[in-house]
Structure formats: structure tokens, C-alpha cells
Amino acid sequence: MEERLVISMIQCFFIAFGVIMGGTLIGSIGSFLTGEAPLTSMFRIAKGLRIWAIVAAIGGTFDAISNFERGIFEGSTFDLFKQVMIIIAAMGGVQTALFMFELLLGEEVT
């Protein structure tokens, strides 16, 4: 059971990481094609994708809510712990991608 948690955490980390990296890079190509500055639009796009990357990584909000409900009302603390750890892993993927953009662009993504 614990091995599956680690596998899920790693997958969620990289899904969130990929949503930020891919969405920002592809979005900046769109900005370039429309005549906007791609580097400045990268900040705006990355900022807007943060919450969606976490939602995509955890597989939608309904599963997360049902796991929280099961953990609280049915006393299944492992499901609650697992969901919290998966959300933390997804947040780590988002923060890692934002850090890489900060290194690449030289400015802080806020």
C-alpha cells in the first residue's frame, strides 16, 4: 500500500510539473504568434496555470473531496493522509516548474 502511495506521489509531481512547463511554453508560442512578448506572457500563463496543474495532477476535485469525506466521516485516516500527500506532491511539481522558469527568465513568478 505504501509503495502505491509513493508511485502516486511521483506521478502527481510530474503531471503538475508537465502542466506548468508545457502549458507555459505552448502558451508563449501562441503569444509570439499574436505579436505579444512571449517572455512576459510566460509569467502570466504560469501564474494562471498553478491551481489547474494541481487539479489535473490529483485527477479532478471530486475524487479528492470523496477521499477527504471518507477519511473524516468513515475514519479512514490512510485515505486522508494519502490525499494530503498527493496534493503536497502536486504542489511540489508546480513550485519546481515555477523555479525553473525563474532560473530561465531571471525574474520571480508571483
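Readers should treat all values here as calculations from the given coordinates under stated rules, not as data from a laboratory. Keep in mind it's a predicted model, so treat the numbers as computed, not measured. Note: ideal-geometry Cβ built from the backbone for every residue, glycine included; neighbour counts use all protein chains shown.
Descriptive notes on the structure:
- Relative contact order (%) - segment 2-104, alpha-carbon pairs under 8 angstrom, separation at least six: 42
- Once the GluC sites (Glu not before Pro) in DSSP loops with at most 11 neighbouring Cβ atoms within 10 Å are cut out of the chain, the longest remaining piece is 1-73.
- Thr40 versus Ile7: modelled label distance in nm, points set 7 Å from Cα along the beta carbon direction: 4.7
- FRET efficiency, Phe78 to Met100 (Cβ-Cβ, R0 30 Å, nearest 0.05): 0.35
- What the Cα convex hull of the chain gives, in volume per residue, is 90 Å³.
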